[in-house]
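To start, the structure under review is shown below, and the notes come after it.
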Amino acid sequence: MRNENYICNCQLVTVSEIEDAVEKHGAATFEAIQNVTKVSTGCRRCYASAKSLAEGYIDKVKKTKRGGAGQLRLKFD
Ligand code: FES
């Protein structure tokens, strides 16, 4: 189920868009997610929560996809 709650109100980035940046675009760092979504590139009030959410999701994906047949390729910019 997609979480369409906004994590960043300036750039109108949702939680699902953060997850998509990792799953579909292979973003493996918060900076890579910013490049894809532009999250936290405005007032930066969301920076701590967005970074925590993003890095938590990256860790979760790394743990669940490790070694599987559908191994995810993450990009480290
Ligand atoms: S709320 Fe995210 S940059 Fe302002």
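From the P(r) of the range 6-65, can you give the percent of Cα pairs sitting at distances over 19 Å? Cα-Cα pairs in the range 6-65 separated by more than 19 Å: 17 percent.
Taking a straight line from the alpha carbon of Lys51, these lysines sit under 19 Å away, with near neighbours fewer than eight places off in the same chain left out: Lys24, Lys38, Lys60, Lys62, Lys63, Lys75.
Every read-out reported here was derived from the displayed coordinates using simple, explicitly stated rules and does not represent laboratory data. For clarity, every value in this text was computed on a predicted model and none was experimentally measured.
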